[in-house]
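Structure first, then comments.
The values are calculated or read from the model by the stated rules, or taken from the named source; none is laboratory data. Note that the structure is a prediction, hence the values are computed from the model and not measured. Every residue, glycine as well, gets a Cβ built from its backbone with ideal geometry; the counts of neighbours run over all protein chains shown.
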Amino acid sequence: MKQVNRIAEGRLIDRDVPITFTFNGRTLQGFRGDTLASALLANGVKIVGRSFKYGRPRGIIAAGVEEPNAILQVGATPSTQVPNVRATEQALYEGLVCRTTNGWPSLEWDAMAMVGKLAGKMMPPGFYYKTMMYSQPVWHAAERVIRKMAGLGFAPTEPDPEIYDKINRHCDLLIIGAGPAGLAAALTAQPSGARIIIVDENPTPGGWLRFSDDQVDDAPARVWVQATLHALRAAANVEVLLRSTATGFHDGNFVTVVERCRDHLAPTVTQGLARQRMHRIRAREVVLASGAHERPLVYANNDVPGCMLAGAVSVYLKGYGVRPGNALVVATNNDAGYQAAIDWLAAGTGSATVVDARAAPTSSLVTRAESAGVVVIQGAVVVDVVGGASVKAAVVCDFDAQADARLGPVRKLAADVIASSGGYSPVVHLSAHLGHRPVWREDVCGFVPNPITSDCCLLAL
Amino acid sequence: MLRIHCPYCQELRDEPEFHYSGEAHLARPEDPASCSDAAWGAYLYFRRNPRGRHHEMWYHAAGCRRFFNVVRDTVTYDIEQTYAMGAQPVKDEALLQ
């Protein structure tokens, strides 16, 4: 089985260990360290779902927890079914079986898509299942079909043999997020002797430093992350919890953390080992270092498979050695978009074009991109996408940022991936759990957490 | 989940050990039989329900089984102080800000 989009690099994968898995009955191959999403992209899978009302094809957009489309049913047997798993979060294991949860009769040929295309004009908000509800005989007949259309996965039909554990914990300092800020906080606090727990949802710490070529303390960022992890693990007063998501921030610095101990392994009836563990952590102080998510840009048909986040493109290129196409168009309004184009060309032949809404950006990244061979179009925006089941071209138009108006005629740029970057939004979710509204910060163009209590500290990245 | 310091047990304990018992420092009319319906109604039913600092009673049900007073912020749920029944809260200008 050929992985058409796999390239040489890939910091997170182990190419010596191929892994076979099944997607919608097709047998595909990935490598150890892959997520389900990166393995699907490596195999050239574009459509991973259908939209709810119109059955529009949907592809993988992001590379992490913010993925909205790649939501799959995972599990080989009736008792091990897990519905609504984000492919970007599920690690690949040997024999993994997954399938899409919508699309009928098949994902590629979806009846609802025809309904959406033909009847969309007559039903702008889409089909309302309630139309069928007020006549009992009609409802009973319609229910089976409607359930099929509505479903996002289905529950397992047999009891789950796995063990799910819970544990009460106490610590002086809980650090949520093991990116650069979280690791630096842990390093700073460690000599004090305070009991520290640092949690991160990824299998490896470092956050965006994992995919960066920057230097930290005169060493490549990845080397610094490894050295820091080693130092923290060696310290008696620090515990590093990876594959662990802080799911709730409650009163009195009580934080629930779900550790996915064995979700990355094939489901078996384990020998007394928990599949997941709920840590109920009571912390004296909490550091929120949960980072930021990239915002997509808005243009017509930006849900066509092949439209992705610029940061996610970099993650797939550098982390997983996956280049999901050949011709890249980056739509951006900030410097971050240029990095994806640079990474794209560094990963091999192909073309990369950056369409920047700003008229004259001045940044070293822009000059670096140009010298790397990236075509830079400034003062223009992507306004539409050509293509139905996958991106064929980007429709570009000049743009006057001052007047907020499109200028002149549109032109088409051939592309199979359109990456967009609209800046970064801090992950404020946990800080809002206690009812504190995030506040707008003009300098970061985003909502930032409101300082919660005197014993909770907030860090940006 | 709150953590509440019981002034009798002198320990910081988890909220499930306690019961909330309403607003504190409510003076019962001296002679209920002779007070007006309005005054009696106000004593029985009308509460300040403030947004912010609130003086309230808690009952340490799974501990010493005694009532005590708590000063709690109803917005942030921060507990400022706890003190025994019959006592008055510590007047701290810094806390009152």
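Residue-by-condition table, conditions (1) touching a residue at least 12 places away in the same chain (Cβ under 8 Å); (2) within 25 Å of the chain's Cα centre (by Cα); (3) surrounded by fewer than 20 Cβ atoms within 10 Å (Cβ to Cβ):
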position: A:Leu174; (1), (2), (3): yes, yes, no
position: A:Gly179; (1), (2), (3): yes, yes, no
position: A:Ile197; (1), (2), (3): yes, yes, no
position: A:Arg210; (1), (2), (3): yes, yes, yes
position: A:Asp213; (1), (2), (3): no, yes, yes
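Take the residues of region B:6-42 that are within 14 Å of another protein chain (Cβ to nearest Cβ) and at pLDDT below 95: which is nearest to B:His54 (Cα to Cα)?
For region B:6-42, the residue satisfying everything is B:Glu15.
What residue, among those in region B:62-85 that are within 12 Å of chain A (Cβ to nearest Cβ) and assigned to a strand (DSSP E or B), is farthest from A:His433 (Cα to Cα)?
So the residue we want is B:Glu80.
What number of residues within region B:46-61 satisfy the criterion of being crowded, with 16+ Cβ neighbours inside 10 Å and within 21 Å of A:Gly435 (Cβ to Cβ)?
Number of matching residues: 2.
Would you confirm, using the coordinates I've provided, whether A:Thr245 is within 30 Å of B:Glu15 (Cβ to Cβ), of a type in the set (Ser, Thr, Tyr), within 25 Å of the chain's Cα centre (by Cα) and within 14 Å of chain B (Cβ to nearest Cβ)?
no
Name every residue in region A:147-168 that is under 29 Å from the mean Cα position of the chain (by Cα) and not in a loop (DSSP other than H, G, I, E, B), in order of residue number.
A:Arg147, A:Lys148, A:Met149, A:Ala150, A:Tyr164, A:Asp165, A:Lys166, A:Ile167, listed by residue number.
Hey, which of the strands (runs of 3 or more DSSP E) in region A:352-461, taking only ones fully inside, have at least 2 residues that are surrounded by 15 or more Cβ atoms within 10 Å (Cβ to Cβ) and touching a strand residue (DSSP E or B) at 6+ places or on another chain (Cβ under 7 Å)?
A:375-378, A:380-386, A:393-400, A:417-421, A:424-426, A:446-448, A:456-458
Quick check on this structure: which one of A:Val255, A:Val298 is in the same structural domain as A:Ala389 (by TED's automatic domain parsing) and either without any contact (Cβ under 8 Å) to a residue 60 or more places away in the chain or not hydroxyl-bearing (Ser, Thr, Tyr) (or both)?
A:Val298
Would you say A:Ala312 is crowded, with 22+ Cβ neighbours inside 10 Å and in contact with a helix residue (DSSP H, G or I) (Cβ under 6 Å, 6 or more places away or on another chain)?
Answer is no for this residue.
Is one or more of the residues making up region A:383-394 hydrophobic (A, V, I, L, M, F, W, C) and in contact with a Phe, Trp or Tyr (Cβ under 6 Å, 6 or more places away or on another chain)?
yes
Here is a list: A:Asp251, A:Asp218, A:Asp263. Which entry is surrounded by fewer than 16 Cβ atoms within 10 Å (Cβ to Cβ), of a type in the set (D, E, K, R) and modelled with pLDDT under 95? Steps first, answer last, please.
On the way: A:Asp251 fails: surrounded by fewer than 16 Cβ atoms within 10 Å (Cβ to Cβ); A:Asp263 fails: surrounded by fewer than 16 Cβ atoms within 10 Å (Cβ to Cβ).
It is A:Asp218.
For region B:82-92, state whether one or more residues are hydrophobic (A, V, I, L, M, F, W, C), surrounded by 12 or more Cβ atoms within 10 Å (Cβ to Cβ) and at pLDDT 90 or above.
yes
Somewhere in region B:2-11, is a residue hydroxyl-bearing (Ser, Thr, Tyr), closer than 17 Å to B:Ala84 by Cβ and not in a strand (DSSP E or B)?
Within region B:2-11, one or more residues are hydroxyl-bearing (Ser, Thr, Tyr), closer than 17 Å to B:Ala84 by Cβ and not in a strand (DSSP E or B).
Can you find even one residue in region A:271-286 that is under 24 Å from A:Tyr424 (Cβ atoms), surrounded by 22 or more Cβ atoms within 10 Å (Cβ to Cβ) and not basic (Lys, Arg)?
Taking every residue of region A:271-286 in turn, at least one turns out to be under 24 Å from A:Tyr424 (Cβ atoms), surrounded by 22 or more Cβ atoms within 10 Å (Cβ to Cβ) and not basic (Lys, Arg).
Step by step: first the residues of region A:25-48, then only those that are at positive phi and under 21 Å from the mean Cα position of the chain (by Cα), then the one that is surrounded by the most Cβ atoms within 10 Å (Cβ to Cβ). Which residue is that?
Here is the first cut: in region A:25-48, the ones at positive phi are A:25, A:33, A:44.
Then keep just the ones that are under 21 Å from the mean Cα position of the chain (by Cα); that gives A:33, A:44.
Details: A:Gly33: 23, A:Gly44: 16.
Taking the candidates together, the pick is A:Gly33.
Which one of the conditions (1) in contact with a Lys or Arg (Cβ under 6 Å, 6 or more places away or on another chain); (2) more than 14 Å from every other protein chain (Cβ to nearest Cβ) does A:Glu294 fail to meet, given that it meets all the rest?
(1)
Could you say which residue among A:Gly337, A:Gly388 is within 30 Å of A:Leu92 (Cα to Cα), over 18 Å from the mean Cα position of the chain (by Cα) and at pLDDT below 95?
Sole residue among the options that is within 30 Å of A:Leu92 (Cα to Cα), over 18 Å from the mean Cα position of the chain (by Cα) and at pLDDT below 95: A:Gly388.
Restricting to region A:53-96, give me the number of residues that are β-branched (Val, Ile, Thr) and at pLDDT 95 or above.
3
Output the number of residues of region A:249-287 satisfying the condition of being of a type in the set (A, V, I, L, M) and either at positive phi or not in a strand (DSSP E or B) (or both).
5
Could you count how many residues in region A:11-25 are in a strand (DSSP E or B) and among the small types (Gly, Ala, Ser)? Spell out how you get there, then give the answer.
Residues of region A:11-25 that are in a strand (DSSP E or B), as a first pass: A:14-23.
With among the small types (Gly, Ala, Ser) added as a condition, the list becomes none.
The total comes to 0.
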